[in-house]
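J.: First the structure, then my questions, so here it is.
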Amino acid sequence: MEKLLDVENVSISFIQYTKGLNQRDLKVITDLSLDISEGEILAVLGSSGSGKSLLAHAIFGILPENARQNGKIKYKGKELSQEDKEELRGKEIALIPQSVNFLDPLMKISDQAIGNTENDAEKKEKKIKQREIFEHYNLGPEVDEMYPFQLSGGMARRVLVSTALLSNPKLVVADEPTPGLDEKTVIETLNHFKHMKEDGVGVLLITHDIHAALEIADRIGIFYSGFVIEIAENKDFSGDGENLLHPYTKALYKALPANGFELIKGHQPLHGEISQGCPYYDRCEMRFDRCKDERPELIDLGKKKVRCFKYEEGVENET
Amino acid sequence: MKLKAENISFKYPSAKKYLLKDINLELDSDKVIGLIGDSGSGKSTLCKILSGYIPKYEGNVTLDRKPLPKKGFKPVQLIYQHPEKVMNPKWKMKQVLEESWDVPDEILEEFGIQKSWLTRFPQELSGGELQRFSVVRSLNPDTKFLIADEMTTMLDAITQVQIIESVLKIVKERKMGFILVSHDMPLVEKICDEKIYLKEINNI
């Protein structure tokens, strides 16, 4: 399987005015690395408000003006410039945005799904294709003429999914596709991603919902205080979580109501509060002295990755 | 303490059909009660009626045989899913808390609220941190019943445990009633003494 997307050590910060003309540089994402291949679903799991949506915005080159991004985003091995992103987005890479608020409230559904066209012939062609895909997602002809406010939550989600697929993308980035939907619609939405995977599309699922991630993702990247701290395989989230590597991931797994509802103290450091060393230092039960001031890199362990000094020599050393 | 709903019926003015019809409920503060229902089934509307946020409905809601007060502090407090939507964005967190009551330091500590957060604006905190404030704000000494409407749905599992354990501790100490509205069955099974399925009591 060909590698589609490589995100390498991406950091994103915002320049904010504090008082008067004083500025500060607020780091929201410090070190985010991940990769997705064809026909693979990778979930990025992080709590709400943690800034993980910015990853999607960085891939598409739609960060706000006061944002600064470092690190590399590569597509099929080539580093993307802003121009490349503008060229690829909506074609080879498609975004399924977080909410219906991303639809234009004053534009009919069919028109905004088709988007800008050069001439009538192209428009006709695209219209046929749009109808086909909408039909596939159970959106009748009456939907074409509707405005966004007339859609139910589930319908809106299907509109966003089918619009993203209109250009036959190779890579789909879905930003929080499940909240606000009832169980039936959630399962339906997740099934859409499974079908994309079967068609060889790579899917980046950005979510806070661990159940959704475990339901469909091949691998899961855990996002903590602006860092990817572990990329685990789906099957590691089983039993007592003994195959999970990072202490936070283990704690997260054991805190699920079905797995013990175990309590650990502390909170994720806020943006701007992160210490020099490991972001999990304050809460970690197996920390070393060096963790306080020295920041661990994401260690590559073949299929998995983890950001923790404990695994510097590989996984075998675990006691 | 008993929160009682008698023959509650409700329909939104623009709707043709009733959303809730002849609902009878008797909720006891001794038990942690789980309310379960699909989205769109009227769970949140029922919560708003039980807490006095929707004034016009058919039927009666009483707390220890007395109707809910129309003015002043609401003894049945409702916590929503999205804390960022229930806070004044132009107030600092200290002011948000003080709107309800003078929160003692022990409570702040119990919920893991850092002193430094008090001088921040709502948008400078994450969802998990804000929800802690939302809960603490509702724990005014005059609160008799707490309704948590998908309170932890947007939070990670660890924050969920932290908030729920702290709430349960205080609810038990103060002998308050607690209703957890959720679609997360493992969570309901874990902490609730009694389960109520909305579709079984709703006669639509």
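The values are calculated or read from the model by the stated rules, or taken from the named source; none is laboratory data. The shown structure was predicted, so the numbers you read here are calculated from the model rather than taken from an experiment. When we count neighbours, we look across all protein chains shown, and the Cβ atoms used for this are built from the backbone with ideal geometry, even at glycine. Keep in mind that these areas ignore ligands, DNA and RNA; they rest on the heavy atoms of the full protein, side chains included. Shrake-Rupley method; radii C 1.70, N 1.55, O 1.52, S 1.80 Å.
J.: Would a scan of segment A:153-176 turn up a residue that is outside any helix (DSSP H, G or I), touching an Asp or Glu at 6+ places or on another chain (Cβ under 7 Å) and closer than 30 Å to A:Tyr253 by Cβ?
T.: Looking for residues that are outside any helix (DSSP H, G or I), touching an Asp or Glu at 6+ places or on another chain (Cβ under 7 Å) and closer than 30 Å to A:Tyr253 by Cβ, one finds at least one in segment A:153-176, hence yes.
J.: Which ones in segment A:186-197 are crowded, with 19+ Cβ neighbours inside 10 Å and either within 13 Å of chain B (Cβ to nearest Cβ) or polar (S, T, N, Q) (or both)?
T.: If the condition is that a residue be crowded, with 19+ Cβ neighbours inside 10 Å and either within 13 Å of chain B (Cβ to nearest Cβ) or polar (S, T, N, Q) (or both), then A:Val186, A:Thr189 are the ones that fit.
J.: So is B:Leu63 under 18 Å from the mean Cα position of the chain (by Cα) and within 22 Å of B:Tyr12 (Cα to Cα) or not?
T.: It is false that B:Leu63 is under 18 Å from the mean Cα position of the chain (by Cα) and within 22 Å of B:Tyr12 (Cα to Cα).
J.: What do you reckon, is B:Ile107 of a type in the set (Val, Ile, Thr), within 14 Å of another protein chain (Cβ to nearest Cβ) and open to solvent by less than 80 Å² (accessible area, probe 1.4 Å)?
T.: So B:Ile107 does not fit the description; no.
J.: Residue by residue through segment A:256-298, note down the ones that are within 14 Å of another protein chain (Cβ to nearest Cβ) and among the polar types (S, T, N, Q).
T.: Once the filter is applied, which keeps residues that are within 14 Å of another protein chain (Cβ to nearest Cβ) and among the polar types (S, T, N, Q), segment A:256-298 yields A:Asn259, A:Gln268.
J.: Still on this structure, please answer the following. Could you count how many residues in segment A:156-171 are polar (S, T, N, Q) and buried (at least 21 other Cβ atoms within 10 Å of the Cβ)?
T.: Count: 2.
J.: Another one. Against the definition (in contact (Cβ under 8 Å) with a residue 12 or more places away in the chain, within 14 Å of chain A (Cβ to nearest Cβ) and in contact with a Phe, Trp or Tyr (Cβ under 9 Å, 6 or more places away or on another chain)), how does B:Pro83 come out, yes or no?
T.: So B:Pro83 passes the test.
J.: Restricting attention to segment A:141-157, and to residues there that are among the charged types (D, E, K, R) and more than 28 Å from the chain's Cα centre (by Cα), which single residue is farthest from the other protein chains (Cβ to nearest Cβ)?
T.: Among them, the one singled out is A:Asp144.
Condition check ((1) part of a strand (DSSP E or B); (2) within 13 Å of the chain's Cα centre (by Cα); (3) β-branched (Val, Ile, Thr)) across all residues:
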{"residue": "A:Val7", "(1), (2), (3)": "yes, yes, yes"}
{"residue": "A:Ser13", "(1), (2), (3)": "yes, no, no"}
{"residue": "A:Leu21", "(1), (2), (3)": "no, no, no"}
{"residue": "A:Leu26", "(1), (2), (3)": "yes, no, no"}
{"residue": "A:Gly39", "(1), (2), (3)": "no, no, no"}
{"residue": "A:Ser50", "(1), (2), (3)": "no, yes, no"}
{"residue": "A:Leu63", "(1), (2), (3)": "no, no, no"}
{"residue": "A:Arg68", "(1), (2), (3)": "yes, no, no"}
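J.: So, in segment B:165-184, of the ones that are among the β-branched types (Val, Ile, Thr) and surrounded by 24 or more Cβ atoms within 10 Å (Cβ to Cβ), which residue ends up nearest to B:Leu198 (Cα to Cα)?
T.: Restricting to residues being among the β-branched types (Val, Ile, Thr) and surrounded by 24 or more Cβ atoms within 10 Å (Cβ to Cβ), the top hit is B:Val181.
J.: Go through segment A:213-236 and give me each residue that's open to solvent by less than 20 Å² (accessible area, probe 1.4 Å) and part of a loop (DSSP other than H, G, I, E, B).
T.: Across segment A:213-236, the qualifying residues are A:Ala217, A:Ser225, A:Gly226.
J.: Scan segment A:86-99 for residues that are open to solvent by less than 40 Å² (accessible area, probe 1.4 Å) and part of a loop (DSSP other than H, G, I, E, B) and jot them down.
T.: Hits for segment A:86-99 are A:Pro97, A:Ser99.
J.: Residues B:Thr143, B:Thr159, B:Thr152: which one is surrounded by 18 or more Cβ atoms within 10 Å (Cβ to Cβ), among the polar types (S, T, N, Q) and modelled with pLDDT of 95 or more?
T.: Of B:Thr143, B:Thr159, B:Thr152, the one residue that is surrounded by 18 or more Cβ atoms within 10 Å (Cβ to Cβ), among the polar types (S, T, N, Q) and modelled with pLDDT of 95 or more is B:Thr143.
J.: Still on this structure, I have one more. Which residues, counting only those in segment B:166-204, are within 22 Å of B:Gln77 (Cβ to Cβ), within 10 Å of chain A (Cβ to nearest Cβ) and either among the hydrophobic types (A, V, I, L, M, F, W, C) or more than 15 Å from the chain's Cα centre (by Cα) (or both)?
T.: Residues satisfying the conditions are B:Asp184, B:Leu187, B:Val188, B:Ile191.
J.: So the check is Cβ under 7 Å with 6+ separation or different chains; which pairs have a first residue in segment A:60-85 that's open to solvent by 70 Å² or more (accessible area, probe 1.4 Å) and a second one that's hydroxyl-bearing (Ser, Thr, Tyr)?
T.: Pairs found: A:Arg68/A:Ser13; A:Asn70/A:Ser11.
J.: Out of A:Tyr248, A:Tyr253, I need the residue that is over 21 Å from B:His183 (Cα atoms), assigned to a helix (DSSP H, G or I) and at the interface with another protein chain (Cβ under 10 Å from one of its Cβ atoms). Which one?
T.: A:Tyr248
J.: What number of residues within segment A:240-268 satisfy the criterion of being among the hydrophobic types (A, V, I, L, M, F, W, C), more than 24 Å from the chain's Cα centre (by Cα) and at negative phi?
T.: Looking only at that region, the number is 3.
J.: Picking from A:Gly200, A:Gly153, A:Gly115, which residue would you name as being closer than 25 Å to A:Glu38 by Cα, open to solvent by 20 Å² or more (accessible area, probe 1.4 Å) and among the small types (Gly, Ala, Ser)?
T.: A:Gly200
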